[in-house]
1. Given the conditions (1) modelled with pLDDT of 90 or more; (2) surrounded by 10 or more Cβ atoms within 10 Å (Cβ to Cβ), report the number of the one that Glu85 does not fulfil.
2. Just the residues that are surrounded by 11 or more Cβ atoms within 10 Å (Cβ to Cβ) and among the hydroxyl-bearing types (Ser, Thr, Tyr), please, taken from region 19-52.
Amino acid sequence: MTRARALWLCFAVFALGGAGYWGFKAAGLAGLDAGIASEALLVLLVVGWTGSYLFRVVTGRMTFMEQRRRYRSAYDALTTDQLREHFESLSPEEQQALLEEVGQ
């Protein structure tokens, strides 16, 4: 998540709290009760969001980890192909010498 997106998210939560307050006030709750109800709703929202984040951390399904897995598999495939092409471009004597050097 970028810094700008995090700031927008904070602003959205702040605006949601204000909208909740005015919504509860329009629904007939008094000023203090509307504030408490709005705060309770925001606390539940943040607790749920934090719970979903912790679930993704425990299961290893975070965005960074998934990107790293995809990058690593693509990198491994690319380097394997490049090594295979380079090995096949060697003469049979060079191939044999290389295989003997690595112990195969």
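The values are calculated or read from the model by the stated rules, or taken from the named source; none is laboratory data. This structure is a prediction, so every number in the text was calculated from the model and none was measured. We place every Cβ from the backbone using ideal geometry, glycine too, and count neighbours over all the protein chains shown.
1. (2)
2. Residues satisfying the conditions are Tyr21, Ser38.
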